[in-house]
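The values are calculated or read from the model by the stated rules, or taken from the named source; none is laboratory data. The structure presented is a predicted model; accordingly, all values stated were derived computationally and were not measured. Methodologically, a virtual Cβ is constructed for each residue, glycine included, from the backbone with ideal geometry; neighbour enumeration extends over all protein chains shown. All accessible areas refer to the heavy atoms of the entire protein, side chains included, with ligands and DNA or RNA removed. Shrake-Rupley method; radii C 1.70, N 1.55, O 1.52, S 1.80 Å.
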Amino acid sequence: MLVGALSQLLGDGISFSDITIEQLAGRAGISRPMFYYYFEDKVALLAHAFEAAVPLDLHARQQVDTWTSGKLTVSTVLGATADLIERDRDLFAAAMQVSSSDEAISALLHRTCDTVRLMLTEHLRSPQASPTAVSAQADSIAFGLTILVRAMVRQLVAENDLGGPRDIVEATTAVWERMLSTSQPVH
């Protein structure tokens with residue numbers, strides 16, 4: 001009920017920082033003390049809701065693993081990520097809003113980035129990965145690609161004037177493909 005209440009309030013356009021415990025409890029049909037029985041504060045509720053609704057670590061593993069096995073293109077993988085963000089944009093925005101001040105949410109986002117980076121590094125070092133320069137610099141390239149995905153996520157959540165989700169995915173894909181196809185060392 002509380003996760004639903006949080007989603008509803010965010011969906012109503014209320015900023016996470018403006019949402020109160022009273023609003024959450026009222027929308028969920030419970031008392032304020034009952035809220036505290038389940039969660040320490042609204043950030044703990046957000047962390048729970050975000051992790052339950054948006055299993056980032058699992059999503060990252062599935063997408064990167066499917067791409068590295070050759071079943072999907074980079075564009076498809078990044079498009080699936082964009083679709084996930086679109087589906088839960090309000091939760092992503094709230095999580096990003098508090099990630100600089102909350103260790104639990106920050107750790108969740110960092111853990112996902114680390115998963116992506118490690119899986120990319122492993123793939124780039126594998127015998128089926130192309131050119132030798134890419135394999136030799138797998139750590140650096142995987143780090144750069146991961147940072148690029150983080151930037152893509154921020155742009156998708158921000159709903160700015162850089163274009164729609166497909167434009168942002170296409171631009172990110174182009175950079176990924178360029179980095180992955182280069183035969184020159186990346187400095």
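For the reader, a short list of remarks on this structure follows.
- Sole residue being at pLDDT below 75, buried (at least 17 other Cβ atoms within 10 Å of the Cβ) and over 16 Å from the mean Cα position of the chain (by Cα), chosen from 180, 124, 162: 180
- Looking across region 90-114 at every residue that is at pLDDT 80 or above and in contact with an Asp or Glu (Cβ under 8 Å, 6 or more places away or on another chain), the one that is most open to solvent (accessible area, probe 1.4 Å) is identified as 111.
- Residue 76 fulfils the conditions (1) over 23 Å from residue 47 (Cβ atoms); (2) assigned to a helix (DSSP H, G or I); (3) modelled with pLDDT under 75 except for a single criterion, (3).
- Residue in region 16-35 that is in a helix (DSSP H, G or I), hydrophobic (A, V, I, L, M, F, W, C) and at pLDDT below 95 present: yes
- Residue pairs meeting the criteria (Cβ under 7 Å; at least 6 apart or on separate chains; first free of Cβ contacts under 8 Å to residues at least 40 places away in the same chain, in region 18-34; second in a helix (DSSP H, G or I) and aromatic (Phe, Trp, Tyr)): 21/35; 24/35; 25/35
- Residue count, region 135-155 (criterion: within 11 Å of the chain's Cα centre (by Cα), open to solvent by less than 30 Å² (accessible area, probe 1.4 Å) and touching a residue at least 40 places away in the same chain (Cβ under 8 Å)): 3
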